[in-house]
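Throughout, read-outs are computed from the coordinates displayed, never taken from laboratory work. It should be emphasised that the depicted structure is a prediction, and the values quoted were computed from it without experimental measurement. Counting neighbours? That spans all protein chains shown, and the Cβs are built from the backbone with ideal geometry, glycine included.
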Amino acid sequence: MDDCLFCKICAGEIPSTVLYEDDEILAFRDIDPQAPLHFLVVPKNHVQSAAQLTMQDGALLGKIFATIARLCEEQGITNGYRVVTNVGQQGGQSVPHLHFHVLAGRQLAWPPG
Ligand code: AMP
């Protein structure tokens with residue numbers, strides 16, 4: 001999508017610190033980290049949010065979660081992590097391109113704010 005920040009990051013038009021990339025997904029560090037480890041995983045194809053996912057996206061989601069587990073292991077995370085996807089305005093979504101936050105490296109509170 002032309003005017004989408006994360007589409008531009010996926011296309012390499014805006015720089016990011018990439019942790020993993022393949023033809024379908026990109027994992028990169030969040031620019032404003034909320035934990036010692038905070039990265040985002042996005043599908044390269046534009047999907048607005050988790051509300052647009054369908055049964056056909058099952059394999060993509062499996063890849064995303066398997067990649068998250070592998071990256072956390074590679075980053076030395078042995079004590080757990082959190083995966084969050086915000087949906088829509090009240091859900092706290094500021095970038096309308098599906099992304100999974102991965103937060104780790106400190107004790108995370110519950111419930112989130
Ligand atoms: P959300 O508020 O759930 O939509 O999350 C959007 C996330 O994108 C926030 O955590 C931002 O810090 C992050 N973000 C915004 N711009 C960039 C960027 N250029 N590179 C990396 N992360 C970004």
Once amide hydrogens are built 1.01 Å from N within the peptide plane, the residues lying 5 or more places from D30 or on another chain with amide H under 5 Å from its amide H are H38, F39, L40
Shape descriptors of the chain over alpha-carbon atoms, Rg and Dmax in angstrom, are 13.6, 39
Under the helix-only model (-39500 (n - 2.57) for each DSSP H run of 4 or more, divided by the residues of the chain), the mean residue ellipticity at 222 nm, to 500 deg cm²/dmol, is -6000 deg cm²/dmol
In degrees, nearest 10, the alpha-carbon axis of helix 58-74 is tilted away from the dominant principal axis of the alpha carbons of the chain by 40
Length-normalised contact order of the chain, Cα under 8 Å, at least 6 apart, in percent, tallies to 29
Per the beta carbon screen (other Cys under 4.7 Å), unpartnered cysteines of the chain come out as C10, C72
